[in-house]
Amino acid sequence: QVDAVRVYVNSSSENLQFPVLFVVRQQKGVLSWQVPLIFRGLYQRTYNYQEVSRTLCPSEPTPETGPSDQIIFVDVSSMAPFNIAYELLVTRLENFQLETNKAFNFTASPSQPQYFLYKFPQDVDSVIIKVVSDAVYPCSVVSVQDIVCPVYDLDHNVEFNGVYQSMTKQAAITVQRKDFPGEQFFIVFVIKPEDYACGGSVPSSTHGNVNRTWNLQRTKNLQVTIVPSIKKSVYVQAMLFSFLSFLSFYLGSVVVAFVHYISADMKLTVLFGSVSFTGSGIVTSSHPIAASTPEGSSYGAIDESSSSGGRQLSSPERGLPAGSDTDSSVEEESDFDTMPEIESDKNVIRTKVFLYLSDLSRKDRRIVSKKYKIYFWNIITIAVFYALPVIQLVITYQTVVNVTGNQDICYYNFLCAHPFGVLSAFNNILSNVGHMLLGLLFLLIVLRRDILHRRAMEMKDVYTLDYGIPKHFGLFYAMGIALMMEGVLSACYHVCPNYSNFQFDTSFMYMIAGLCMLKLYQTRHPDINASAYSAYASFAVVISLAVLGVVFGKNDVWFWVIFSMIHILASLALSTQIYYVGRFKIDGPDSDLGIFRRASMVLYTDCIKQCSRPMYMDRMVLLIVGNLVNWSFAVFGLVYRPRDFASYMLGIFICNLLLYLAFYIIMKLRSSEKLLPIPLFCIVATAVVWAAALYFFFQTLSSWEETPAESREKNRPCILLGFFDDHDVWHFLSAAALFFSFLLVLLTLDDDLDAVRRDKIPVF
C-alpha cells in the first residue's frame, strides 16, 4: 500500500488583498495555494473559498530504502499588516489505493478535489474506470494522469496532463497498461465552479461586487469502480464474427446462383416454348416481334408503320442499324433527347389513359443504358472527392484526442468503447464492415446479371428486346457503390462522432434512399426518369439543407418556415411531373406569363371539368397520400422543430420510399402479376430485419446535440460478445436490411415479367 497525506486548511479572513499563502515542501515536489482560494468563471465572475483541502503527492517506498517516515514542511505566510487566524490539519488517507472490482464512495468540492492511485494487476492489460453519481450537478471532471508530481487537481489546470472528460451522472474511461510504463496511474476528481460546461445554466453578465461569490456549496458524492476490460481474444472473436456473418451471405448467393444455373436450360426451354406461340406471330432470331397495341388502349395510339411524314419511330425493338458504333454521335446526343423528331408523337402516346411499358420504353436501349451508367461513374467521382478529405479530417480529430487527452471532443459510448491502435472506439468502426461487404456482394450480383444480359443480347435473345422490364444496370451499380460508401463514411464518422462531422454518417443515406426511389420509378418509366446530373444536384441540395438545419434548426423559426415552404413546393412540383408522366414543362414558348396561363388551363381541364374522376386515378391516389404525408412532415417540423434535424430529413426520405414501394407492390398484385419465391423471401426478410434494426437504432447511446457530459448519461454497456453495443447491432442489421431491400425492391421484384410482352405490362 502507498501512503498519502491530505492537508486541510481554513481561514476566516476575507481579505483578498492579503491572502494566506500555504506552501508544502516534499522530497520530490512543492505544492502551494492561497486562502481564500479563487476560481474564475464566465464574465469575470469569481468564486472564493475559505476552506481548502489538498492531497499531497505520495512518496512510494523503494526496495532499496524500504518503508520510512515522510518529512513534510508546511510554510504559512501572509503580507497582511494584521494577524490572521487559520486552521491547519494533516491526516493520513486510509483508502488512497483503489482495488479492482471494488466500489469506493467519496465526496469532492471545487476547493477540496480528490485523487487516488490504481495499480494494474498482473493479469490485466486494460481497465474501465466507471464513475457514477446520483446528482446531475455540480459539474465535475474525471482525469487519468501519470505518476508525476505535482498532480493537477484544480479546475484551471486539470486539463494540463493526462486524459479527462466532464461528467454529470456518469463517466467512463478506458485505460490500457501500455500507456503507463509504471503500470499505475492517478484518478483525479475535480468539481467545476460553474455548470455551463455540463449543460447547466450560464451565469448572467453582471458588474461590480455582485460577480463575487463566497463559499458556494458545491459538494458532490461520487462512486468509482475499476473493472477489467476485455481481453485480446475478444477482439479476435469480434472480428471473426463480423466477417464470417457477412461472408455467409456470399455463400448463400453462390448456392442460389448454382441452383439457377442447374435449372437454366429447363427454364429457357419452357420460356421459349411459351413465346413461340403468342398470338402476335412467330419469333425469329433476326426480326423480333413488333410491339402490338394492347386492347383497351387505343386512345392516343400511333401506328408505327404510318407515322407522320413517313418517319419510323425509334423503338427499342429496332435499335440502331446493324454495325453502328455504340459511341456514335447519336448516343452522345442522349443527354438532350433521343427522339427530338417525334416529340409530338411521344406526348400524344403519354396522354393515353392506360399506359403500358412499351409506351415508355421507346428510346434506343443502348442509348438509355449509357445514360443510366452516368449514375455509376458520377457516384464514384463523388465518393472519391468526398471520402478523401473526410478520412483526413477524422484522422486529425483522432490525433487531437490522443495528443490532448480531451475526451469531450468525441461522443462515444464510453461504457463500450474498445480501443485498438490509435482508434478510441474500434468496435463502432468494425461494425460497419457489413455495409462494405454486402455492397460488394450486391455489385457482384448485378455484374453477373449484366453479363448474362449482354450474352443474351449477343445471341439476339428475344427476351432482351421485346419482353420483360428493360435491363439497365447503371442505377444498380450506383446503389452498390452508395452502400459501400455508407459503410466507409459511417466508419469515418465513428472515428470521432461529433457536431462537426455528423453529415458523414447521413450523406449517403439520403443518396441510397433517393437512388432506390429513382430505380423503382425507372423500372416502368425508363424513358422519362431523371438524369444523373439533376438527381445528384438534388442530393447536393438535400445535404446542404441538412447542414443548415443542424446549424439553424434548433431555435430559428425563420429557417423552419423557409424549409417547410421548400418542402411543400418540391412535393407539388414532383407530383405534377409524376402525374403527367413528365409532360408538364415550364420552358419553351410558354415561358414568362404564359406558364401561368398554361397551368390554369391544365387545372381547369383536369381538376374542374373532370373533377368527378381524375384521368389517372391510381397515380392521383398515390400523390394525394404522398402529399399528405409530406405536408404532415412539414407542419410537424414547423410546430415542434425537432433537434435532430438529420434524422428528421432521413425520416422524410424513408417514409416516401416506403410509401412508393407499398404502392408499387399493391399495384403489381392488382395487375395480376406474381411474386416469385426469391422476392417474396426478400420481402419477409426485409420487414423482419428492418424492424429489429430500427429497435436498436432508437436505443440512443449518445447525442452530439447535448454537452459531452449529458451525452454520457445515455451510455450503456456492450450487449453482443462483450464487444458490440446497441448501435453496432444497428450497423449489422441495417446493412443486411439494405441488402435485402436492394434485392427485393430493385433486382428481383419484377423477375416474373421476363416472359411478358412489354405492351402487356402496365405502367403505374
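The values are calculated or read from the model by the stated rules, or taken from the named source; none is laboratory data. Just so it is clear, the model here is predicted, and its values are computed rather than measured. Heads up, the Cβs are rebuilt from the backbone with ideal geometry, glycines too, and the neighbour counts pull from every protein chain shown. Ligands, DNA and RNA are stripped out before the accessible areas are found, and what is left, the full protein with its side chains, is counted by its heavy atoms. Shrake-Rupley method; radii C 1.70, N 1.55, O 1.52, S 1.80 Å.
In table form, for the structure just shown:
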{"item": "Hits in region 233-256 - residues which are at pLDDT below 90 and not polar (S, T, N, Q)", "result": "G252, V254, V255, V256"}
{"item": "Condition broken by M457, with the remaining ones in (1) among the aliphatic types (A, V, I, L, M); (2) surrounded by fewer than 19 Cβ atoms within 10 Å (Cβ to Cβ); (3) under 30 Å from V175 (Cα atoms) satisfied", "result": "(3)"}
{"item": "Subset tally (residues that are open to solvent by 40 Å² or more (accessible area, probe 1.4 Å) and either within 24 Å of I578 (Cβ to Cβ) or not hydroxyl-bearing (S, T, Y) (or both)) for region 379-407", "result": "13"}
{"item": "Selected residue (only one of T707, T686, T700 is closer than 25 Å to Q165 by Cβ and in contact with a helix residue (DSSP H, G or I) (Cβ under 7 Å, 6 or more places away or on another chain))", "result": "T707"}
{"item": "Whichever residue in region 521-545 is among the aliphatic types (A, V, I, L, M) and modelled with pLDDT under 85 and, among such residues, is surrounded by the most Cβ atoms within 10 Å (Cβ to Cβ)", "result": "A530"}
{"item": "Residue check, L753 closer than 30 Å to L545 by Cα and in contact (Cβ under 8 Å) with a residue 40 or more places away in the chain", "result": "no"}
{"item": "Candidates A383, A417, filtered to the one that is closer than 22 Å to D179 by Cα and among the aliphatic types (A, V, I, L, M)", "result": "A417"}
{"item": "Condition met for S111 (touching a residue at least 12 places away in the same chain (Cβ under 8 Å), surrounded by 23 or more Cβ atoms within 10 Å (Cβ to Cβ) and touching a Leu at 6+ places or on another chain (Cβ under 8 Å))", "result": "yes"}
{"item": "Selection status of S32, assigned by the TED database to the domain that holds Y196 and free of Cβ contacts under 8 Å to residues at least 12 places away in the same chain", "result": "yes"}
{"item": "Checklist (1) at pLDDT 85 or above; (2) in the same structural domain as D752 (by the TED database); (3) out of contact with any helix residue (DSSP H, G or I) (no Cβ under 7 Å at 6 or more places or on another chain) applied to P677, failing item", "result": "(1)"}
{"item": "Enumeration of residues in region 708-735 that are open to solvent by 20 Å² or more (accessible area, probe 1.4 Å) and of a type in the set (D, E)", "result": "E710, E713"}
{"item": "Among the candidates L657, L650, L738, L694, residue that is assigned to a helix (DSSP H, G or I) and open to solvent by 40 Å² or more (accessible area, probe 1.4 Å)", "result": "L694"}
